[in-house]
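The values are calculated or read from the model by the stated rules, or taken from the named source; none is laboratory data. Note that the structure is a prediction, hence the values are computed from the model and not measured. Cβ placement follows ideal geometry from the backbone for every residue including glycine, while neighbour counts extend to all protein chains displayed.
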Amino acid sequence: PQAKDPYRTGYHFQPPKNWINDPNGPMIYKGIYHLFYQYNPKGVVWGNIVWAHSTSTDLVNWIPHEAAIYPSQPSDINGCWSGSATILPGGKPAMLYTGINPQNQQVQNLAFPKNLSDPFLREWVKVPQNPLMAPTLANQVNASSFRDPTTAWLGPDKRWRLIIGSKRHQRGLAILYRSKDFMHWTKAKHPLHSKEKNGMWECPDFFPISKTSSVGLDTSTNGPNVKHVLKVSLDNTRKEYYTIGTYNISKDIYIPDKGSVESDSGLRYDYGKFYASKTFFDSAKNRRILWGWINESSSVNGDVKKGWSGLQAIPRTIVLDKSGKQLVQWPIVELEKLRTKEVTLPSTVLKGGSLHEVFGVTAAQADVEVAFEISDFKKAEVLDPSWTNPQILCSKKGASVKGGLGPFGLLTLASKDLKENTAVFYRIFKSQNNYKKYVVLMCSDQSRSSLNQDNDMTTYGAFVTVDPVHEKLSLRSLIDHSIVESFGGEGKACITARVYPTLAVDGDAHLYAFNYGSESVKIAGSAWSLKTAKIN
Ligand code: DQQ
């Protein structure tokens, strides 16, 4: 018999086999969560794209269904690409998605559930008017860069609006369409927003967020206590950026706040692997939930051997940070139902150069939450003003590079001899011009994650806007065989990594807390073994 695949996940969403990518049309209907996703029924690489479908009552355990949307008419015969759900007044879901037509043009289609009394909404019917939006000579839309319609929102004038990702030359575009009846859509003269030199904007997402509370908002909400978020996925770099700003409904334009940009220095949901993400409003629990596709870091040969490629991240609730300047993300609370066998780490001093094994947890499938306390900042290194790129800084100063205050953190998926490990850690620097101001760097160092050199073992990094003098510095990592999803500063910075250990597998995986800085830090927290979820 074949040995169990050591890289399949215990609680991250994946189908039994084949290629998956973007999450599509996430929604809740009559108490059931739906996840659709880009899927190749025929292989482990991208192609033959249909909308696969699974449902859940808790966002943790999933039941598979037959493909919901697949090529069947001229307007989608060459593929059913990404799209979004809109819950119409009265509760009926409408699904808008990109179809690839016989000329390989990208067009937008609409489908409705065939039978609203089927709780799983297994069958979908495409409207005969499809495509509802298409590139024409008159509208000057680029036929190969016109995809991924968002959830639509209703304006005060009773007209629906949505955006579609596009580009013109190298300018990223969020093309705006409007409709009175959801069937006839007219392109607006101006995009909702655009940005030079961004290239194609894939999978845009546009939604309101409360300035005053952590309650999520329905996509059509606007008003004085509301900010808006625009997220775009950059095809060129495979990175996502979001901005926070204002939606001017009378001009129908979105204006990012000062300093909020869709480029290198911009904000990302996740500073590791995370792409083509999409949020939805969960009306049952009044929260906004983010889904994201986590691609492999293995070679195509590795994927062929595994027979599968791609995961979905653990859904995250997102709220606006109290600063109003960024979002804060946290794994949905339902995940905690899988926690078992809590191992507490009583408050311990991690002396400079120390390593501390966390025993009693299934280290290949775990949830770890720790907080660090720092009382002495004297040994913090000075941050060179040229160190502006956190990923490069983390790559130069990996986990094995000793420092002053840090590196301290976790060695996840570690082999007993530490030959393999994925290190998630912090370093604290003092800023050159203000010695009382500290800069917190969070890193996920994959350089020793596997003895198999065929994998992409790039290191990731992010600056975390935490004041380590007055706030605790927390770290949560969701470890699941071939994925480590980490949340720094209580969700202010997230880093997801894919890793393929050859030794640190299942029962041979270990978890450690470490401090390779010269200054001591205190650590306290808990680790849980996580039960396996029922996933498809
Ligand atoms: N994936 C889909 C497109 C989208 C891209 C095709 C993003 O609709 O732009 O599978 O990963």
Which of the following residues is small (Gly, Ala, Ser) and touching a Pro at 6+ places or on another chain (Cβ under 6 Å): Gly91, Gly83, Gly79?
Gly83
Determine whether Gly43 is of a type in the set (Gly, Ala, Ser), in the same structural domain as Phe112 (by TED's automatic domain parsing), within 16 Å of the ligand (Cβ to nearest atom) and within 17 Å of the chain's Cα centre (by Cα).
no
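Just checking, which of Gly307, Gly324 is more than 26 Å from Trp81 (Cα to Cα) and either surrounded by fewer than 21 Cβ atoms within 10 Å (Cβ to Cβ) or away from the ligand (no atom under 16 Å from the Cβ) (or both)? Spell out the reasoning first.
On the way: Gly307 fails: more than 26 Å from Trp81 (Cα to Cα).
Only one candidate qualifies: Gly324.
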For Arg476, the lone unmet condition from (1) free of Cβ contacts under 8 Å to residues at least 24 places away in the same chain; (2) outside any loop (DSSP other than H, G, I, E, B) is (1)
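From the list Val368, Val349, which residue is more than 30 Å from the chain's Cα centre (by Cα) and assigned to a strand (DSSP E or B)?
Answer to the selection: Val349.
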So Glu262 clears everything in (1) in a loop (DSSP other than H, G, I, E, B); (2) closer than 21 Å to Glu202 by Cα; (3) out of contact with any Lys or Arg (no Cβ under 6 Å at 6 or more places or on another chain) except one condition, right? Which one?
(3)
For the structure I just gave you, tell me whether Gly31 is within 16 Å of the ligand (Cβ to nearest atom), surrounded by fewer than 16 Cβ atoms within 10 Å (Cβ to Cβ) and assigned by TED's automatic domain parsing to the domain that holds Trp293.
no
Could you tell me which residue of the stretch 336-384 is nearest to His481 (Cα to Cα), considering only residues that are among the hydroxyl-bearing types (Ser, Thr, Tyr) and buried (at least 16 other Cβ atoms within 10 Å of the Cβ)?
Thr362
Within the stretch 311-342, of all residues that are among the small types (Gly, Ala, Ser) and over 13 Å from the mean Cα position of the chain (by Cα), the one farthest from Ile289 (Cα to Cα) is Ser323
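Here's the yes/no breakdown for (1) acidic (Asp, Glu); (2) under 27 Å from Thr219 (Cβ atoms):
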position	(1), (2)
Tyr275	no, yes
Asp282	yes, yes
Arg288	no, yes
Ser298	no, no
Ser309	no, no
Ile314	no, yes
Gln326	no, yes
Trp330	no, yes
Lys337	no, no
Report yes if Leu413 is at positive phi and modelled with pLDDT of 95 or more, otherwise no.
yes
Having 1 or more residues that are within 16 Å of the ligand (Cβ to nearest atom), surrounded by fewer than 17 Cβ atoms within 10 Å (Cβ to Cβ) and not assigned by TED's automatic domain parsing to the domain that holds Tyr241 is the bar; report the strands (runs of 3 or more DSSP E) wholly within the stretch 140-224 that clear it.
none
So, Glu485, is that one in a strand (DSSP E or B), modelled with pLDDT of 95 or more and buried (at least 19 other Cβ atoms within 10 Å of the Cβ) or not?
yes
Quick check on the stretch 225-244: of everything there that is crowded, with 23+ Cβ neighbours inside 10 Å and among the aliphatic types (A, V, I, L, M), which residue is farthest from the ligand (Cβ to nearest atom)?
Val229
